[in-house]
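**Student:** I have a structure I would like to understand better, so I am pasting it below and will then ask my questions one at a time.
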Amino acid sequence: MTKSSFLQRLPSQYLLPLLMLAALSSGSIFVLLFVVTGAQDQQEAARESAALRTALDTNVAMVRRDLQDYAKWNDAVVHISRHFDANWIDDNVTAYLGKAQGYDHVFVIGPDSRTVYAFSHGRRSTVDAGRELGPSFVRSATAVRAIDPEGKPIISGFTRAGDKLYLFSVGAIVPLTDKVSLPPGGEYLLAIAQQVDSAFLAQLRAEHHLPRLGLA
């Protein structure tokens with residue numbers, strides 16, 4: 001029996017309810033597909049958000065780790081805080097942080113908050129740390145000076161200056177052991193920064209499976 005002959009034989013009082021039931025069933029299927037698709041999108045968005053937080057936290061921890069051994073170092077106190085030697089910084093700090101590790105900027109900031117040493121994009125420069133890295137960095141540098149030198153006076157995070165975003169770490173140059181003491185007059189700070197650019201984002205996308213990651 002064909003569908004049309006079945007409908008013709010069906011009593012008229014049943015025809016309308018049957019058609020309504022069929023329409024409701026079809027609509028329910030479309031609603032279910034919409035809900036399932038929406039739930040999958042939400043799950044994917046939650047996964048990407050969690051992955052991004054992990055990626056950012058990992059990078060902040062890495063830049064902090066790269067800096068801390070150079071900031072809390074007896075030799076750095078001797079050759080920067082006590083007897084400032086830019087050539088020593090070139091050979092013993094920038095050679096690793098600026099060249100081997102590839103940070104865009106390496107700065108030394110004096111007790112008066114002036115930038116006394118700058119290495120930018122592969123060479124010595126006259127770039128001012130605060131002007132280059134922005135207000136958030138300046139606040140972090142100020143906050144570092146209030147941290148007990150015997151603890152871990154380092155702050156790491158992200159900062160924006162104009163249309164540039166940076167990952168940075170700034171720490172007080174303090175002794176590792178009691179064989180060396182800080183001179184009077186305030187602490188010098190050591191800072192490193194990496195611009196969050198297309199190459200940086202491409203690495204995050206690849207390492208953490210974030211194909212839609214971009215910078216707005």
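**Student:** What aspartates and glutamates sit close enough to Lys99 to cross-link, taking a C-alpha to C-alpha distance under 14 Å and skipping anything fewer than 8 places away on the same chain?
**Tutor:** Asp66, Asp90, Asp91
**Student:** Let me ask something additional. Apply the Karplus parameterisation 6.51 cos²θ - 1.76 cosθ + 1.60, with θ equal to phi minus 60°, to every residue of region 114-122 and state each ³J(HN,Hα) to the nearest whole Hz, in sequence, with x for glycine and proline.
**Tutor:** Running phi through 6.51 cos²θ - 1.76 cosθ + 1.60 with θ = phi - 60° gives 7, 6, 9, 8, 9, 10, 9, 6, x Hz.
**Student:** Let me ask another. Got a sec? What order do Asp91, Asp148, Asp163 fall in by accessible area at 1.4 Å, biggest, i.e. largest, first?
**Tutor:** Asp163, Asp91, Asp148
**Student:** Related question: Can you tell me which aspartates and glutamates have their Cα less than 15 Å from the Cα of Lys72? Leave out same-chain residues fewer than eight positions away.
**Tutor:** Within the straight-line cut-off, Lys72 pairs with Asp148, Glu150, Asp178, Glu187.
**Student:** From the phi angles alone, apply the Karplus equation (6.51, -1.76, 1.60; θ = phi - 60°) to region 140-153 and give each ³J(HN,Hα) in whole Hz, x where the residue is Gly or Pro.
**Tutor:** Once rounded to whole Hz, the list reads 5, 4, 5, 5, 4, 5, 8, 7, 4, x, 7, x, 10, x.
**Student:** Next question. Specify the inter-centroid distance of region 149-216 and region 61-136, based on alpha-carbon positions, in whole Å.
**Tutor:** 11 Å
**Student:** Non-local amide H neighbours of Val174 (under 5 Å, H modeled in plane, Pro and chain starts lacking H): which ones?
**Tutor:** Lys72, Trp73
**Student:** With every protein chain present, what accessible area does Leu176 have (1.4 Å probe, heavy atoms only), rounded to the nearest 10 Å²?
**Tutor:** Rounded to the nearest 10, the figure is 110 Å².
The values are calculated or read from the model by the stated rules, or taken from the named source; none is laboratory data. Note that the structure is a prediction, hence the values are computed from the model and not measured. Just the protein is used for accessible areas: all its heavy atoms, side chains included, with ligands, DNA and RNA removed. Shrake-Rupley method; radii C 1.70, N 1.55, O 1.52, S 1.80 Å.
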